[in-house]
Amino acid sequence: MYIKIVIDNIGKSFGQRLLFSNISAEVASGQCLAVTGCNGSGKSTLLKIIAGLVRPSSGQIRLTLDNTPSPKERISYTGFVSPDMAMYAALTGIENIIFWTKVRGVACSKSEAEKLCCQMGLGGAGCDMVATYSTGMRQRLKLAVIKAINPPVWLLDEPSSNLDVSGRSIVKELIADAVRQNAAVILATNEVEEALYGNSTIEL
Ligand SMILES: Nc1ncnc2c1ncn2[C@@H]1O[C@H](COP(=O)(O)OP(=O)(O)OP(=O)(O)O)[C@@H](O)[C@H]1O
């Protein structure tokens, strides 16, 4: 699937407070757009606008597709990794991957989920309840879920938060792999090095 996301003159205010205005950019399949800016500049808000979770105050997000998607494809456009997201604490890591892929209409067997846990550095902890996970392990699980869903559009809000050096290199490889597989990746980050993964950058 080819997809192009056009961020067209987007602005956002909360009440009287203008967060940003006149933001325009494009990102297509096989590209990565980095969104940078200081704390509170609106990076997460912009990603939520792109995901359709927050309404912009001005402008619009346009999607260009090479075909008319089926209803199943339509719900699977975007995958979102965000600090605001939570995994089910009473399920194991593997059960979370199976649950979230099922919600998104993507098949994922237990052995595939196990493999993803290993790839994300969770090892045998995939069989443990998420309630027992550290914050870094929860972050790795979110990465495993988006990889399992493998959507055409990846929205990554601070994907390296709470991750150690090995976790950060997993994120780097994950983004490179998604772009190689023709996903459109939008990455919000405070990390200078991570922002360089983008083919283009928006600074808020
Ligand atoms: N629903 C909301 N109502 C009012 N203000 C909000 C709302 N959501 C976000 N904000 C405000 O908008 C500003 C931008 O928040 P946002 O989380 O988008 O910034 P950010 O650039 O991602 O920050 P950080 O780098 O700290 O994660 C913050 O001041 C926040 O308090």
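Scanning the stretch 1-48 for residues that are of a type in the set (Gly, Ala, Ser) and without any contact (Cβ under 8 Å) to a residue 12 or more places away in the chain returns Gly15, Gly40. Here Ile94 clears all of (1) loosely packed, with under 13 Cβ neighbours inside 10 Å; (2) among the hydrophobic types (A, V, I, L, M, F, W, C); (3) in a helix (DSSP H, G or I) except the condition numbered (1).
What about Lys12, is it over 30 Å from Tyr133 (Cβ atoms), over 14 Å from the mean Cα position of the chain (by Cα) and within 16 Å of the ligand (Cβ to nearest atom)?
yes
So, restricting to strands (runs of 3 or more DSSP E) that lie completely within the stretch 101-204, which ones have at least 1 residues that are surrounded by fewer than 21 Cβ atoms within 10 Å (Cβ to Cβ)? First the steps, then the outcome.
On the way: elements: 153-157, 184-188, 200-203.
Those strands (runs of 3 or more DSSP E) span 200-203.
When the residues of the stretch 24-49 are filtered to those that are away from the ligand (no atom under 12 Å from the Cβ) and among the aliphatic types (A, V, I, L, M), the one that is nearest to Ile7 (Cα to Cα) is Ala25. Within the stretch 56-71, can one find any residue that is assigned to a strand (DSSP E or B) and on the phi > 0 side of the Ramachandran plot? Scanning the stretch 56-71 turns up at least one residue that is assigned to a strand (DSSP E or B) and on the phi > 0 side of the Ramachandran plot.
No lab work stands behind these numbers, since they all come straight from the coordinates. Note that this is a predicted model, so its numbers are computed, not measured. A quick note on method: Cβ atoms are made from the backbone with ideal geometry, for glycine too, and the neighbour counts reach across all protein chains shown.
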